[in-house]
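Visitor: First the structure, which I've put down as structure tokens, then a few questions once you've had a look.
The values are calculated or read from the model by the stated rules, or taken from the named source; none is laboratory data. Since the structure is predicted, the reported quantities are computational estimates derived from the model, not experimental observations. Cβ placement follows ideal geometry from the backbone for every residue including glycine, while neighbour counts extend to all protein chains displayed. Surface accessibility is based on the protein's heavy atoms, side chains included, excluding ligands, DNA and RNA. Shrake-Rupley method; radii C 1.70, N 1.55, O 1.52, S 1.80 Å.
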Amino acid sequence: METTLRGVGVSHGVAIGEVRHMGTAVLEPPAKQIPAQEAEREQGRARQAVGAVAADLMARGNLAGGEAQAVLEAQAMMAQDPELMADVDRRIAVGSTAERAVYDAFAAYRELLAGAGEYLAGRVADLDDVRNRIVARLLGVPMPGVPDSDHPYVLVARDLAPADTALLDPSLVLGFVTEEGGPTSHSAILARALGVPAVVALPGAVELAEGTVVAVDGSTGEVFVHPSEEKKERLTAQAAERRAALAASTGPGATADGHKVPLLANVGGPADVPAAVAAGAEGVGLFRTEFLFLDDSENAPSEEKQVAAYRQVLEAFPEGRVVVRVLDAGADKPLAFLTPADEPNPALGVRGLRTLLDHPDVLLTQLTALAKAAEGLPVYLEVMAPMVADRTDARAFADACRAAGLRAKFGAMVEIPSAALRARSILQEVEFLSLGTNDLAQYTFAADRQVGAVSRLQDPWQPALLDLVALSAEAARAEGKSCGVCGEAASDPLLACVLTGLGVTSLSMGAASLPYVRATLAKFTLAQCERAAAAARAADSAEEARAAARGVLSGE
Ligand code: PEP
Ligand code: MG
């Protein structure tokens, strides 16, 4: 029978398919004794499982290629380590089950590795992953990590971290559903980057049985479990209608009366550029450069590697605007060689610009690489710093840009309430502001953006957040400078109209959201957007603000 679950819709569209769970941690198998005559059979089971897991890791390596292949092949070798296998055999011979013997033999090996110097200790996580795979196979439970499936599926997980999704095949993922996470969590950002529908903060998501058919509506946040044929047809038809309406909207972003609001794309690297260009992005409003730093947990990428990656993005937008954010490490994006390991509260610790000011060599290399990448190109390069708290931060960043000989506009992200409150003072040092509404919401409401239980407070319609947006935009207007939004708030079409009404000068979002925002903005005049913004700010909750803005814009 059809049932309906409700979460937070974070990426538009409809996905209908079978549930596949992101495999979770493997539990410790019970320590039960087996009779001696079963030992041989158990040893056979263990060898068969080890062989299958090693073969699977090799096959995945072949598919992935590059550095991922080297890691997966090393894991396959670990699985077949002769000493480890001899220990498994020994443990079974004295009465262990195959799964328990594997579990205990790996635990002993793990201790050895953990105490054997930094390099080998770093392999402990890989070893755990191999153990979990073998034990899962022996227990007949889903493999940890990305599901094994040849058929497209709806991915269900407690939450998704960037590392979980490195091997995700976008052609197989119809949509995402997560139990945790809010509108600004990585699951949401990733879903929008892939252009697949997604619902987050869905209570009961992890209890959905593997293989259950669900219909996910990423616009309304509804997930229909065992949808009727009629429901499936209706949802599919609605989605097709929406797509057709969107395809009809093209050109630069503007309100119905021609007030221009450049619509820019958020990208994570050169791989995201084709989708941004196809969606008609007028440039890049946020180039998250972290991706370049994720390959190697020990070192920063070389200047040459950075120049090549930046140039690919800059070349894609000749005459366009490209806003590059310098490395934002720490908190939810830790980097082993930069992020302190012992902070009690990493989100309030050394992250973003703070990390770079502590490691001026890393900042200088990045800024020098950007200067070289832009050489000879007609692009309008803008460079901004994440997590600017005050004028001192802004000045330090602008000084670093000047010292690197960078010919670009320097800007500051507004992600900390202090930066919004003192925006005019920050603008004495930099030429533009860009509102990172994801972190701005996190810090305004003291609500971790990764925790589903507080997603109500992460809602970008919260009037307090709108007040901070208005303060920043007013400050920029008074200084004759620009103030864009590059947080996820910009990707909500109705909210995009409200942000425009608050005085924001550009909107940057995942490419998949661009057509929705362009089409909605084109329906209303600037005066209507201003009235909707005033109505939203006068509300007392996110729901009321949304309803008030909708009321004004639909003429209710
Ligand atoms: C933000 O915080 O709104 C933002 C754009 O940065 P990120 O999501 O990468 O932290
Ligand atoms: Mg941020």
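Visitor: How much net charge surrounds V323 when only other residues with a Cβ under 10 Å from its Cβ are counted (Lys, Arg +1; Asp, Glu -1)?
Guide: Local charge sum for V323: +2.
Visitor: Less than 9 Å Cβ to Cβ from P183, Lys/Arg counted +1 and Asp/Glu -1: what total charge do the surrounding residues give?
Guide: Value of the local net charge: -2.
Visitor: Using a probe of 1.4 angstrom, how much of the accessible area of the chain is carbon and sulfur, in percent?
Guide: C and S fraction of accessible area: 54 percent.
Visitor: Once you have a ≥ b ≥ c as the square roots of the Cα gyration tensor eigenvalues for segment 484-548, tell me rounded if a/c is under 1.5, and otherwise prolate or oblate according to whether a/b is larger than b/c.
Guide: prolate
Visitor: Enumerate the calculated ³J(HN,Hα) couplings along segment 234-242 in order (Karplus 6.51 cos²θ - 1.76 cosθ + 1.60, θ = phi - 60°), each rounded to whole Hz, writing x wherever the residue is Gly or Pro.
Guide: 4, 5, 5, 5, 4, 5, 5, 4, 4
Visitor: Student exercise: in the chain, how many lysine pairs 8 or more apart or on different chains have Cα atoms under 20 Å apart?
Guide: 5
Visitor: Thinking of segment 440-540 as a set of Cα atoms, what percent of all their pairs are more than 20 Å apart?
Guide: Summing the P(r) tail past 20 Å for segment 440-540 gives 38 percent.
Visitor: Another question about this same structure. For the ranges 283-289, 128-134, 88-94, what's the packing order if you count other beta-carbon atoms within 10 Å of each residue, average per peptide, and put the highest first?
Guide: The densest-packed peptide leads the list: 283-289, 128-134, 88-94.
Visitor: Same structure, new question: For the peptides 97-108, 417-428, what is the packing order when you average, over each peptide's residues, the other Cβ atoms within 10 Å and list the highest mean first?
Guide: Those peptides, ordered most packed to least, come out 97-108, 417-428.
Visitor: Then there is this: Taking the Cα atoms of the chain, report the difference between the largest and smallest coordinate on each principal axis, in whole Å and largest first.
Guide: That works out to 83, 61, 39 Å along the principal axes.
Visitor: Over segment 151-272, with the other protein chains present, what is the accessible area per residue in square angstrom, probe 1.4 angstrom?
Guide: Here the per-residue accessible area is 41 Å².
Visitor: Normalise the Debye intensity by I(0) for segment 156-246, one equal point scatterer per Cα, no solvent, then take log10 at q = 0.14, 0.21, 0.26 Å⁻¹ and round to two decimals.
Guide: Calculated log10 I(q)/I(0) at the listed q: -0.51, -1.12, -1.46.
Visitor: Going by the alpha-carbon gyration tensor, a ≥ b ≥ c the square roots of its eigenvalues, is segment 250-323 rounded (a/c under 1.5) or, if a/c is not under 1.5, prolate (a/b greater than b/c) versus oblate?
Guide: Prolate.
Visitor: Now, a different point. Taking 8 Å as the Cα distance limit and 6 or more residues as the minimum spacing, I'd like the relative contact order of the chain as a percentage.
Guide: 14 percent
Visitor: Let me ask another. Sorted by mean Cβ packing within 10 Å, highest first, what order do the peptides 33-46, 452-465, 187-200 take?
Guide: So the order, starting with the most tightly packed, is 187-200, 452-465, 33-46.
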